[in-house]
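Participant: Have a look at the structure that comes next, please.
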Amino acid sequence: MTHSFDPAGEPLAFRHALGAFATGVCVVTTIGPDGPVGMTINSFASVSLDPPLVLWSALKSSGRYAAFAGAENFAINVLTASQRDIAAGFSRPGDAFDGLDWTLSDNGLPLVDKALAAFECRLHAQHEGGDHTILIGHVLRAHHGTGAPLVFQGGSFGGFSTGD
């Protein structure tokens with residue numbers, strides 16, 4: 001370890017330390033009052049196999065937060081390395097569904113075409129977590145594709161090498 005600090009006193013250093021952890025990149029989608037809405041996240045995790053539960057965290061200051069805070073259902077789309085533009089589109093203002101290949105599932109949720117995996121969820125629980133809300137979803141249906149995952153680390157998108 002080269003730098004020890006109090007995260008409350010050095011929030012930028014804390015952010016950089018968190019950025020050392022490589023994560024997968026997902027787009028969470030739902031249907032809002034004005035149609036489909038999505039948000040890029042890297043806070044996805046499994047919680048339980050029985051019952052099937054997953055979680056993600058929504059930034060409260062996001063312009064898309066209200067759609068998810070009030071959603072009974074949502075889908076988590078795990079992106080492939082070739083879907084970097086999709087991740088970027090859902091992390092900026094505007095309608096990222098314009099020009100996006102997606103389908104509406106039988107559960108009425110927008111699914112990103114050719115995603116590595118997707119999890120259609122019903123809200124199971126919601127917990128306050130500082131500047132985020134932690135949403136736990138009960139997985140109603142899962143989808144699994146093929147390809148390499150999109151990875152985020154140190155403020156940048158990247159890929160995953162298997163070393164083969």
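Participant: Quick one: 3J(HN,Hα) in Hz for the range 129-134, Karplus 6.51/-1.76/1.60 with θ = phi - 60°, rounded, Gly and Pro as x.
Facilitator: x, x, 8, 10, 10, 8
Participant: Another question, then. When ligands, DNA and RNA are left out and all protein chains stay put, how many square angstrom of accessible area per residue does the range 104-157 have with a 1.4 Å probe?
Facilitator: Using a 1.4 Å probe on heavy atoms only, each residue of the range 104-157 averages 55 Å².
Participant: Next question. Residues in the range 26-57 near a label at ASP95, defined as backbone nitrogen under 12 Å from the 7 Å Cα→Cβ point?
Facilitator: Only 34-37 fall inside the zone, counting backbone N under 12 Å.
Participant: Given a Förster distance of 30 Å, report the FRET efficiency between LEU59 and ALA142 from their Cβ-Cβ distance, rounded to the nearest 0.05.
Facilitator: 0.75
Participant: What are the ³J(HN,Hα) values, in whole Hz, obtained from phi via the Karplus relation 6.51 cos²θ - 1.76 cosθ + 1.60 with θ = phi - 60°, for each residue of the range 83-88 in sequence order, with x given for Gly and Pro?
Facilitator: 9, 4, 5, 5, 4, 5
Participant: Additional query: Would you mind giving the three semi-axes, in whole Å and largest first, of the ellipsoid equivalent to the range 1-79 according to its Cα gyration tensor? Don't jump to the answer; show the numbers that get you there.
Facilitator: Numbers: eigenvalues 162, 57, 24 Å².
Taking √(5λ) for each Cα gyration eigenvalue gives 28, 17, 11 Å.
Participant: Ordering PHE44, PHE14, PHE74 from largest to smallest accessible area (1.4 angstrom probe), what's the sequence?
Facilitator: The most accessible residue leads, giving PHE14, PHE44, PHE74.
Participant: Still on this structure: Could you work out the Rg to Rh ratio of the chain, with Rh taken as the Kirkwood radius (inverse of the mean 1/r over all Cα pairs)?
Facilitator: Taking Rg over the Kirkwood Rh, I get 0.97.
Participant: So how far apart, in nm, are the two label points at ALA45 and ASP85 if each is 7 Å from Cα heading toward Cβ?
Facilitator: Taking the simple label geometry, ALA45 and ASP85 are separated by 3.4 nm.
Participant: Hey, another quick one. Say we join alpha carbon atoms closer than 10 Å with springs in a Gaussian network model of the chain; which of PRO52, PRO110, PRO149 then has the biggest fluctuation?
Facilitator: With Cα springs under 10 Å in the chain, the top fluctuation among PRO52, PRO110, PRO149 is at PRO52.
Participant: Right, next: Summing -39500 (n - 2.57) over the DSSP H runs of n ≥ 4 in the chain and dividing by its residue number, what mean residue ellipticity at 222 nm do you reach, to the nearest 500 deg cm²/dmol?
Facilitator: Here the helix-only value at 222 nm equals -2500 deg cm²/dmol.
Participant: Right, next: For HIS132, which sequence-distant residues (separation of 5 or more, or a different chain) have an amide H within less than 5 Å of its own amide H, given hydrogens modelled in the peptide plane?
Facilitator: Here LYS60 satisfy the definition.
Participant: Follow-up question, since we're still on this one. Report the residue, chosen from ASP131, ASP50, ASP95, that carries the largest GNM mean-square fluctuation when the chain is represented by alpha-carbon nodes joined by springs under 10 Å.
Facilitator: For the chain, modelled as a Gaussian network with Cα springs under 10 Å, the answer is ASP50.
The values are calculated or read from the model by the stated rules, or taken from the named source; none is laboratory data. Keep in mind that what you see is a predicted model, and the values were worked out from it rather than measured. Reconstructed Cβ throughout: ideal geometry from the backbone, glycine too, with neighbour counts over all protein chains shown. With ligands, DNA and RNA removed, areas are computed over all heavy atoms of the protein, side chains included. Shrake-Rupley method; radii C 1.70, N 1.55, O 1.52, S 1.80 Å.
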